[in-house]
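Submitted below is the structure of interest, expressed as structure tokens.
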Amino acid sequence: MRAKTKAAKPKTPTKASRWTLEAILTWIMVAGGAVATAASTMLSVEVFDRLKNPAFVPVCNLNPILSCTSVADSNQAHAFGFPNYFIGIGGYAAVMAFGLALLAGGAFTRWLWRLILLGLTFAVAFVTWLQFETLYRIGALCIFCMIVWACTIPLFWYTFLYEIGAGHISVPARLKRPAAFIRRHHGDILLLWFLIIIALILKRFWYYWSTL
């Protein structure tokens with residue numbers, strides 16, 4: 001009878017491997033999950049304060065471009081019929097709890113790792129859609145939303161790379177070399193990802209930035 005095996009958890013970092021993907025993943029989950037949960041919660045507080053007092057000016061309303069009110073009042077902010085930040089509060093808190101469990105020595109089965117990756121894949125696809133909508137449909141930016149973007153991308157990226165390396169995701173033979181390349185250059189690819197987003201923001205609202 002075949003023994004039931006558990007998927008390996010990220011290795012405890014040693015002095016020589018402190019900054020490997022496996023070593024930093026749990027910290028990314030804890031820190032990224034905590035910050036994204038806090039940002040989602042703060043956005044919900046600002047929205048509820050405004051509902052109680054229509055004259056209330058949210059702290060994230062800085063100028064015509066950096067205006068969370070413009071974003072929160074849009075249809076895109078209620079994509080599934082309720083405020084998006086409810087998804088953020090629950091989802092990112094779950095990721096943070098998963099990371100804390102790993103730090104405490106927990107080991108999880110492969111299906112749970114895949115479920116976490118599935119959730120983060122949805123999250124990164126959703127925020128990418130929201131990035132397009134805020135830039136080219138709403139025409140304003142929400143500071144708390146951008147904090148969530150900044151957390152979601154590395155959370156997805158490093159979980160995806162870890163699961164490739166751990167064998168949770170089967171990589172066809174013809175894609176093994178590209179997979180090895182992106183694991184070696186994970187930081188460069190992540191930096192490029194962020195630079196593209198920053199460039200799009202600068203280009204879209206250059207008419208305003210250039211007047212400052």
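Nothing in this text is a laboratory measurement; each read-out follows from the coordinates by a stated rule. Worth saying up front: this structure is predicted, and the values here are computed from it rather than measured. Using ideal geometry, Cβ is built from the backbone for each residue, glycine included, and neighbour counts are taken over all protein chains shown.
Of the numbered conditions (1) exposed (fewer than 14 other Cβ atoms within 10 Å of the Cβ); (2) under 18 Å from THR121 (Cα atoms), TYR158 fails exactly one; give the number of that condition.
Every condition holds for TYR158 apart from (1).
Can you work out which of the residues in region 122-137 that are among the aromatic types (Phe, Trp, Tyr) and within 17 Å of GLY90 (Cβ to Cβ) is surrounded by the fewest Cβ atoms within 10 Å (Cβ to Cβ)? Steps first, answer last, please.
At the first step, the residues of region 122-137 found to be among the aromatic types (Phe, Trp, Tyr) are 122, 126, 129, 132, 136.
Still in the list and also within 17 Å of GLY90 (Cβ to Cβ): 122, 126.
Numbers: PHE122: 13, PHE126: 18.
Here the residue is PHE122.
Condition (residue is under 23 Å from PHE98 (Cβ atoms) and polar (S, T, N, Q)) applied to region 133-147: is it met by at least one residue?
no
Keeping to region 43-91, report how many residues are assigned to a loop (DSSP other than H, G, I, E, B) and among the basic types (Lys, Arg).
As a first pass, look at region 43-91 and keep what is assigned to a loop (DSSP other than H, G, I, E, B): 53-60, 62-65, 73-74, 79-83.
If we keep only those that are among the basic types (Lys, Arg) too, we end up with none.
The qualifying residues number 0.
Here's another thing I want to ask about it. Considering each residue of region 94-121, count those that are among the basic types (Lys, Arg) and surrounded by fewer than 16 Cβ atoms within 10 Å (Cβ to Cβ), and give that number.
1
List the residue pairs whose Cβ atoms are under 7 Å apart, where the first residue sits in region 29-44 and is basic (Lys, Arg), the second is outside any helix (DSSP H, G or I), and the two are 6 or more positions apart or on different chains.
Close Cβ pairs satisfying both conditions: none exist.
Can I ask one more? May I ask you to list the residues in region 165-187 that are part of a helix (DSSP H, G or I) and either surrounded by 14 or more Cβ atoms within 10 Å (Cβ to Cβ) or hydrophobic (A, V, I, L, M, F, W, C) (or both)?
Within region 165-187, GLY165, ALA166, ALA173, LEU175, ALA179, ALA180, PHE181, ILE182, ARG183, HIS186 meet the criteria.
Follow-up. Of all residues being free of Cβ contacts under 8 Å to residues at least 40 places away in the same chain and either among the basic types (Lys, Arg) or surrounded by 13 or more Cβ atoms within 10 Å (Cβ to Cβ) (or both) in region 188-212, which is farthest from ILE65 (Cα to Cα)? Just the residue, please.
ILE189
Sticking with this one: Here's a check for you: in region 138-155, which residue that is part of a loop (DSSP other than H, G, I, E, B) and on the phi < 0 side of the Ramachandran plot is surrounded by the fewest Cβ atoms within 10 Å (Cβ to Cβ)?
This residue is ALA140.
Taking TRP129 as the residue in question, decide whether it is assigned to a helix (DSSP H, G or I), under 27 Å from ALA140 (Cβ atoms) and aromatic (Phe, Trp, Tyr).
On the way: assigned to a helix (DSSP H, G or I): yes; under 27 Å from ALA140 (Cβ atoms): yes; aromatic (Phe, Trp, Tyr): yes.
Taking the combined requirement at face value, the residue satisfies it.
Among the residues of region 157-164, are any part of a helix (DSSP H, G or I), more than 26 Å from THR41 (Cα to Cα) and among the acidic types (Asp, Glu)?
Yes, some residue in region 157-164 is part of a helix (DSSP H, G or I), more than 26 Å from THR41 (Cα to Cα) and among the acidic types (Asp, Glu).
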